[in-house]
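Below is one structure, written out as structure tokens; comments come after it.
The values are calculated or read from the model by the stated rules, or taken from the named source; none is laboratory data. Everything numeric in this text was worked out from a predicted model, so none of it was measured. Cβ placement follows ideal geometry from the backbone for every residue including glycine, while neighbour counts extend to all protein chains displayed. Just so you know, the surface numbers come from the protein's heavy atoms only, side chains and all, with ligands and any DNA or RNA stripped out. Shrake-Rupley method; radii C 1.70, N 1.55, O 1.52, S 1.80 Å.
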Amino acid sequence: LIIGLSLFAIGETLLITANQGVSPYTVLAQGISVQTNLSIGVSTFIISVIVLFFWYPLKQKPGLGTILNIILISIIIDLSILVLPYPKTFFYQIVQTIIGVLVVGLGSAFYLTTNLGPGPRDGLMTGLTKLTNLPIALVRAFLEISAVLAGWYLGGTVGAGTLIFAFGIGPCVALGLFLVNRLFN
């Protein structure tokens, strides 16, 4: 669980420092950070706690993984943003973005296989899917697009990295799950 959450946060930070666009909820965290002068980690923490409050009417129950997700990812983003590279050329920014998505995918695989509770955003997605009977892909797309639009409006970075994340995260999580299952089962 700790390894997975750490890798997830480092992957997100690689996207941030590549400066080519970030994952949807990180766009929102960046936008809040721009508007409030809070760090991206603190903004991520606040978003996660707010999302967790939406679980209550959906009858979702957090687990240890949910709580550690909120705390560790926020802290690790703020710590790793100080030490990870900030590439200057477009080529290296895109390379770092791709590496970031791969690392998020691997971290997700470690985290998901522990079965210790979904992250706040995943719990909201599954809760809304149960409530509305809409397809999970539609609910997830609505949540992600809403986060991107709100974050972009507030000043978050949307760019090539956002698209690379959107199209690459599914295959990267699948690859991560394959590797984790192969290595540890």
Candidates Gly151, Gly119, filtered to the one that is at pLDDT 95 or above, surrounded by 19 or more Cβ atoms within 10 Å (Cβ to Cβ) and under 17 Å from the mean Cα position of the chain (by Cα) | Gly151
Just checking, which of Leu82, Leu52, Leu28, Leu14 is out of contact with any Cys (no Cβ under 8 Å at 6 or more places or on another chain) and under 21 Å from Leu149 (Cβ atoms)?
-> Leu28
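How about region 47-99: which of its residues are small (Gly, Ala, Ser) and either free of Cβ contacts under 8 Å to residues at least 24 places away in the same chain or more than 17 Å from Arg121 (Cα to Cα) (or both)?
Within region 47-99, Ser80 is the sole residue that qualifies.
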Taking Thr44, is it without any contact (Cβ under 8 Å) to a residue 24 or more places away in the chain and either of a type outside the set (Phe, Trp, Tyr) or open to solvent by 40 Å² or more (accessible area, probe 1.4 Å) (or both)?
-> no
Please go through region 144-173 and pick out each residue that is free of Cβ contacts under 8 Å to residues at least 12 places away in the same chain and small (Gly, Ala, Ser).
-> Ser146, Gly170
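With the requirement that a residue be open to solvent by 40 Å² or more (accessible area, probe 1.4 Å), in contact with a helix residue (DSSP H, G or I) (Cβ under 7 Å, 6 or more places away or on another chain) and part of a helix (DSSP H, G or I), what does region 73-111 give you? Even if it seems obvious, please write down each step before you answer.
Initial filter on region 73-111 (open to solvent by 40 Å² or more (accessible area, probe 1.4 Å)): 75, 78-79, 82-83, 85-86, 88-92, 95, 98-99, 102, 106, 110.
Checking which are in contact with a helix residue (DSSP H, G or I) (Cβ under 7 Å, 6 or more places away or on another chain) leaves us with 75, 78, 85-86, 98-99, 102, 106, 110.
Across region 73-111, the qualifying residues are Ile75, Asp78, Ile98, Ile99, Leu102, Leu106, Phe110.
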If you go through region 37-87, how many residues are touching a Pro at 6+ places or on another chain (Cβ under 9 Å) and among the β-branched types (Val, Ile, Thr)?
-> 6
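Any residue in region 24-43 that is in contact with a Leu (Cβ under 7 Å, 6 or more places away or on another chain) and not in a helix (DSSP H, G or I)? Working first, answer last.
Looking only at region 24-43, we keep the residues that are in contact with a Leu (Cβ under 7 Å, 6 or more places away or on another chain), and these are 26, 31-32, 34-35.
Checking the rest, the ones that are also not in a helix (DSSP H, G or I) come to none.
Checked against the condition, which is being in contact with a Leu (Cβ under 7 Å, 6 or more places away or on another chain) and not in a helix (DSSP H, G or I), region 24-43 yields no hits at all.
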Residue by residue through region 128-138, note down the ones that are more than 19 Å from Lys61 (Cα to Cα) and in a helix (DSSP H, G or I).
-> Ala137, Leu138
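Of the residues Gly4, Gly21, only one is open to solvent by less than 10 Å² (accessible area, probe 1.4 Å) and not in a loop (DSSP other than H, G, I, E, B); which?
Values: Gly21 fails: not in a loop (DSSP other than H, G, I, E, B).
After ruling out the rest, the residue left standing is Gly4.
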